[in-house]
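Inspection log for the structure reproduced underneath, given as structure tokens.
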Amino acid sequence: MKKAMNQSVANFILNGISILALVFLVISLFSYGKVNRSLNKANEERYELTYNANRFMNGSSYLTNEVRAYAATASEEHYDNYWNEVNTLKNRDKGIAAMQEIGITPEEQAMIDEMSSISNELVPLEDQAMKDVQAGKREQAFLYVYGKEYSEAIGEISDLKEKFLADLDTRTLGEVTAFQDRADFIRLTMIAACILVALIQLISMVITRIKILRPVIAVKNQMGEISQGNLSAEFSMEPDTSELGMLVASIHETKSELKKYIKDIDNKLSQMADGNMDLVIDSNYRGEFLPIQNALSQILESLNSALLRIGQTAGQVSQQSEVMTNVAQTLSNGAMQQASAVEELSSGIQEISAGVDSTSKDAETARKAAMDAMMHLQTCDAKMKELTSAIQGISQSSHQIAGIIKTIEDISFQTNILALNASVEAARAGEAGKGFAVVAGEVQNLANKSAVSAKDITDLIENSMKQVAQGSALSGDTTEALNSLVGSAQVASSMIEQIADSAIQQSSSIKQIKIGMEQISDVVQTNAATAEESAASAEELYSHAEKMKVAVEQFKLRGK
């Protein structure tokens with residue numbers, strides 16, 4: 001037998017891979033959400049750090065600009081702006097505090113400290129310059145804030161600002177890029193998982209259609225032919241080691257065995273109809289058909305025995321009838337001869353009575369054999385009901401497969417919801433989430449396609465369930481036909497029982513004849529006319545006995 005993978009194993013492997021891919025997809029979705037939140041946080045922190053760094057640096061530049069403007073113009077507005085920044089706005093301190101709260105590296109903190117230190121060194125110069133302006137020494141104040149020492153300090157602060165901003169931007173950009181790379185990688189794995197699930201579902205659908213649905217339909221059609229009694233219908237499927245392959249092998253074997261049994265029974269019954277009773281049921285019947293073999297053997301044995309006894313009895317009756325004729329012819333010669341003839345006739349009647357008793361027993365045996373055959377037919381009826389129950393079990397399995405399809409639809413629905421949520425999150429992310437919104441839309445499309453595929457599979461399962469229902473209806477029709485056959489067997493058994501009762505009644509009648517012959521023996525000497533009538537009856541009985549003997553000799557019996 002050709003080796004093949006079991007359909008259940010193939011479905012288990014494909015469904016297992018699909019489930020693992022879906023689990024991986026769900027995990028990837030959670031991971032992608034987590035990474036996306038981290039990416040958004042990194043972008044926000046980058047923005048906040050850059051904003052507060054500029055706030056710190058703009059605060060320092062603002063003080064420098066205001067003190068220089070005050071030295072140049074002596075306008076009190078610039079003086080007030082300067083001290084408003086120092087005492088009220090405090091952009092430098094707030095910017096540093098905000099950056100420290102968000103998180104900066106020790107190197108960045110060192111640069112801030114260095115810029116603060118240089119800025120603090122400029123405070124005495126700025127303070128002296130403003131005092132000189134208030135004292136009317138604007139030229140001297142101008143030299144303070146535009147002098148070499150102040151300008152060099154401002155240059156150092158500017159260089160540190162540029163380096164700080166560059167280092168800060170590089171670090172935060174690296175963190176954002178790392179999260180972005182992780183998000184892209186997870187997105188690619190999610191797409192690969194979706195493609196894998198789609199391929200697995202496609203393969204599963206193809207395998208289900210080719211390896212399961214088509215063979216099941218072929219098996220259903222073949223079982224329909226068998227249920228109609230057509231054992232010669234073409235069945236091209238080859239058996240293998242899979243579940244359906246073993247079922248195909250069973251169908252081939254069942255057809256072969258049924259053909260063998262039907263051919264053997266037809267051959268034996270045809271020979272029996274032609275009068276050949278010298279037969280032997282030598283075929284090997286199996287299982288529930290073994291009682292049929294035993295019943296046929298018993299019927300042959302019973303018929304051979306009964307017909308042999310009937311033949312022997314017919315011969316004896318013929319002989320005794322001839323004797324009765326001779327006795328009746330000489331009955332008129334004397335009472336003694338008549339009495340002797342009556343005694344011989346009585347002896348012959350006793351033998352006939354014994355033969356009829358034996359025939360009655362044989363009829364009783366035939367009745368028992370008919371009852372056994374009826375019991376075997378009832379057993380076949382029970383087996384057909386078990387077959388109907390098995391078909392109903394297949395229908396229940398189809399309902400369970402429909403429940404599995406419902407689970408796939410639920411998974412598709414949940415995937416669709418996740419895709420909608422992802423689209424909402426992408427919309428919240430703004431420009432940075434546009435790419436993710438496209439991916440979310442594709443995931444939603446895949447979920448919709450999965451739902452459509454699940455519906456198609458559900459339609460196929462419903463068609464299979466309808467076909468199984470048709471098989472169940474055909475099995476019910478077969479069961480009804482078998483019930484009709486059981487009824488016919490019961491009628492036949494009743495007729496055989498009536499024959500047995502008739503044989504018993506004949507035995508009783510023979511006994512009554514025996515009693516009558518005894519009465520004839522008492523009156524034979526006084527009734528010569530009765531002797532002539534007895535002679536005529538003996539001639540007629542002889543004729544019937546000869547006919548019975550000829551009829552029995554038409555059968556070929558064992559031992560003859």
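The values are calculated or read from the model by the stated rules, or taken from the named source; none is laboratory data. The model shown is predicted, which means the values in this text are computed figures rather than measured ones. Here the Cβ is made from the backbone with ideal geometry for all residues, glycine too, and neighbour counts use every protein chain on show. Side chains included, ligands, DNA and RNA excluded: accessible areas come from the protein's heavy atoms. Shrake-Rupley method; radii C 1.70, N 1.55, O 1.52, S 1.80 Å.
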Between the alpha-carbon centers of segment 160-183 and segment 75-107, tell me the distance in whole angstrom. 24 Å
Whole-Hz Karplus couplings 3J(HN,Hα) for segment 53-65, θ = phi - 60° and coefficients 6.51, -1.76, 1.60, Gly and Pro as x, run 5, 5, 5, 4, 6, 5, x, 5, 5, 4, 4, 4, 5
Given a 1.4 Å probe and the protein chains all in place, what does the accessible area of Phe179 round to, in Å² to the nearest 10? 60 Å²
Which entries of Lys211/Lys383; Lys383/Lys466; Lys220/Lys263; Lys260/Lys361; Lys3/Lys449 show an alpha-carbon separation above 32 angstrom in the structure shown? Lys260/Lys361; Lys3/Lys449
Can you give the accessible area per residue of segment 109-212, in Å², using a 1.4 Å probe? 57 Å²
Using per-residue counts of other Cβ atoms within 10 Å, averaged over each peptide, order 217-229, 76-88 from highest down. 217-229, 76-88
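Stretch Asn421-Asn54 to full length: gain in nm at 0.36 nm per residue minus the Cα-Cα span? Kindly include the intermediate steps, with their values, before the conclusion.
Working: separation 367, 0.36 × 367 = 132.12 nm, distance 3.61 nm.
Going from the current span to full extension adds 128.5 nm.
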So who's got an amide H within less than 5 Å of the one on Met237, skipping anything under 5 residues away but keeping other chains? H placed 1.01 Å off N, in plane. none
Net charge of neighbours whose Cβ lies under 13 Å from the Cβ of Ser31, counting Lys and Arg as +1 and Asp and Glu as -1: +3
From highest to lowest solvent-accessible area (probe 1.4 Å; ligands, DNA and RNA excluded), Leu168, Leu213, Leu143 read Leu143, Leu213, Leu168
If you plug each phi of segment 120-130 into the Karplus form 6.51 cos²θ - 1.76 cosθ + 1.60 with θ = phi - 60°, what whole-Hz ³J(HN,Hα) values come out, in order, with x for Gly and Pro? 5, 5, 7, 4, x, 5, 5, 5, 5, 5, 5
